1. I want to verify the translational diffusion coefficient of the range 129-252 in µm²/s; compute it with Stokes-Einstein, Rh as the Kirkwood radius over Cα pairs, at 10 °C and 1.306 mPa s.
2. Please compute the contact order of the chain in relative form: average sequence separation of alpha-carbon pairs under 8 Å and at least six residues apart, divided by the residue count, as a percent.
3. With the dipole of the range 129-252 worked out from charges on the C-beta (+1 for Lys and Arg, -1 for Asp and Glu) around the Cα centre, which of Val170, Leu231, Val245 lies farthest toward the positive end?
4. Please enumerate, by chain and number, the lysines with C-alpha under 23 Å from the C-alpha of Lys305, excluding those fewer than 8 residues away in the same chain.
5. Rank Ala100, Ala47, Ala347 by mean-square fluctuation in a GNM of the chain with C-alpha springs under 10 angstrom and give only the top-ranked residue.
6. Would you calculate the separation in nanometres between label points at Asp55 and Gln310, each defined as 7 Å from the Cα along the Cα-to-beta-carbon direction?
7. Quick one: length gained pulling Arg323 to Glu349 fully straight, 0.36 nm per residue minus the C-alpha distance?
8. Could you state the orientation-averaged shadow area of the convex hull built on the Cα atoms of the range 1-125, in nm² to one decimal?
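None of the figures in this text is laboratory data; all of them are computed from the coordinates on show. Predicted model only: the values in this text are computed from it and were never measured. A quick note on method: Cβ atoms are made from the backbone with ideal geometry, for glycine too, and the neighbour counts reach across all protein chains shown.
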Amino acid sequence: MLQRFFIFCSGADTDILEQCSAGERTKYAGIGATVFFTAVMATIAAAYALYTVFDTYFAAVFFGIIWGLLIFNLDRFIVSTIKKRDSFFDELIQASPRIALAVIIAIVISKPLELKIFEKEINQVLLEEKNAMTLENKDQLALQYTPTLTAIDAEIESLEEAVTTKEAEVNALYDTYIAEAEGRAGTELLGKGPVYQEKRDKHDAELATLQTLRETNNGKIAALEEQKQTLSNEYHQKVEATQPVIDGFDGLMARVNALNELPWLPSLFIFLLFLAIETSPILAKLLSPKGAYDLKLAEQEGAVKSWVSQQETQREILVTTDRDVNNRVYADIAEEQELYDYKRKKARELMQLQADAFYKKQKSVL
């Protein structure tokens, strides 16, 4: 039962194989098994690849089975259409388009399985790419806020510098009136005289101005710091909003690109393995000598071809014979006097009718 199933997978004519030896049936069962298991691997590969796209088991399994059946049908067609010929070169030319198609199928099958086999290494590459994308995203978003934050920092620095400058002026006035009281400068008279009082009043006035300036600038600085905090919160919100897009950078194309970043030698070996599996039925038919099945199939096709050619020849002879008979029949009839008199009579009547019609027409014109 299993052998019959694999023979069906090979696309061979079961009626002809029944007339062949057990060795022939085993050979084509092996070819059919290769076709079948290649389709199974194609189903698994397609299901995994589609799962990375749809993220649902049902859709991945359903379309994976459809893809496996398609590959099965293609492989079965490729193997069944290769015929043994008298020249290996002719067979190679016949099989070359099918080998090219087998190479394409091998690439399509092997690539999703490579993604699964090297999943851990691909995840590491994707993690590094995501980290780089996260940093780049933060830098790009920061560029939107940098000019505003720089202007706010410059304004805060200007306000603080104004307070610092005023404090230096007030401190200088304080040192001046203290030195006047101690007799170290100014009038150099010890004690609190009129000059001391004048300098003291000036210091007190500037100190009051400093207090007012400090309160005003502190209020402005607080407002600017609040504005900075608002911009910072907005920046972090945008970073959090865009981060899921980066975290979702895990699709099929991203994984294929990540796979290309890995060493190429392991991927090449996997591809060659599937290429060998995919082309093995074709190579088996090319390299194997003509067997009983090939001879019987060629005999059957030759018989059909001969029968068709014979039928075409008979039809050509029939048409030729029928044409010759018709020519002889009409030639004999043409020599009969009775037919000649009948046609002469009808021709006379026709000419009379034409003459009468012409006369009537000419008369109406006049």
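1. Working: Rh = 18.8 Å.
Here the translational diffusion coefficient equals 84 µm²/s.
2. Values: 269 pairs, mean separation 81.4, N = 366.
With pairs under 8 Å counted, the relative contact order is 22 percent.
3. Working it through, the farthest residue towards the positive pole turns out to be Val170.
4. Within reach: Lys83, Lys84, Lys290, Lys296.
5. Maximum fluctuation in the GNM of the chain, among the listed residues, is at Ala347.
6. Reported label-point gap for Asp55 and Gln310 is 6.9 nm.
7. Working: separation 26, 0.36 × 26 = 9.36 nm, distance 3.30 nm.
In short, 6.1 nm is gained.
8. Working: hull surface 40.1 nm².
Orientation-averaged projected area of the Cα hull: 10.0 nm².
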